[in-house]
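> I'd like to ask some things about the structure below.
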């Protein structure tokens, strides 16, 4: 009986040690040295889906500035430094101060001040760039990806498949391949498109990101507000 108890205690200790090691590794990854990463992911969020989900959760008018009168289509959710496996985050705590002028200058691409600040703290600090240079990189990354014409001014709900969205982006962007992007979805709506870019903002494969692409057969793209 004593031997059995002792064995159980040893096993429990081993499990606890393993859990601690995993937790320490996760913290180490999150607090990796700024600028030490392999590539970027540009996340483009389909704003009408975000606003529709916000309204379902919290009622009409939810979603903040992004869901106001201006009819946004794809907005920049973020530009995220990535490893081949995993990603760093919150690389400087507290994060360097973000000037209000920089925040205001990004509202055309990221239409919520809170989003801009949060993205800087969580992801921008891992780029190794100062705030102004990082957000200039965000703007250049967005300019590097062309939105398919059919999605620019969508006025009616559109039923799509993840494969169709993927194909539309590939056709609109010479050099982009299926291995370079992932389609994100909610329960029944297109949520976002993630495009993998080198540090020089060229398309590049990202197997771990692409493997998480949406597997649903059909999705809805809600139209732009006012559509």
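> For segment 185-207, which residues satisfy the criterion of being farther than 20 Å from residue 138 by Cα and touching a strand residue (DSSP E or B) at 6+ places or on another chain (Cβ under 8 Å)?
Selection gives 185, 188, 189, 190.
> Might you check whether a residue that is surrounded by 17 or more Cβ atoms within 10 Å (Cβ to Cβ) and touching a residue at least 60 places away in the same chain (Cβ under 8 Å) occurs anywhere in segment 85-103?
Checking segment 85-103: at least one residue is surrounded by 17 or more Cβ atoms within 10 Å (Cβ to Cβ) and touching a residue at least 60 places away in the same chain (Cβ under 8 Å).
> Here's a follow-up. The conditions are (1) at pLDDT 95 or above; (2) out of contact with any strand residue (DSSP E or B) (no Cβ under 6 Å at 6 or more places or on another chain); (3) farther than 18 Å from residue 206 by Cα, and residue 160 fails exactly one of them. Which is it?
Going through the list (1) at pLDDT 95 or above; (2) out of contact with any strand residue (DSSP E or B) (no Cβ under 6 Å at 6 or more places or on another chain); (3) farther than 18 Å from residue 206 by Cα, residue 160 breaks only (2).
> Also, I was wondering about something else. Taking segment 191-222 on its own, how many of its residues are in contact with a helix residue (DSSP H, G or I) (Cβ under 6 Å, 6 or more places away or on another chain) and more than 24 Å from residue 83 (Cα to Cα)?
1
> A follow-up question, please. Could we say that residue 116 is more than 19 Å from residue 197 (Cβ to Cβ), touching a helix residue (DSSP H, G or I) at 6+ places or on another chain (Cβ under 6 Å) and not in a loop (DSSP other than H, G, I, E, B) here?
When the stated conditions are applied, residue 116 passes them.
The values are calculated or read from the model by the stated rules, or taken from the named source; none is laboratory data. All figures in this text were calculated on a predicted structure; none of them were measured in a lab. Using ideal geometry, Cβ is built from the backbone for each residue, glycine included, and neighbour counts are taken over all protein chains shown.
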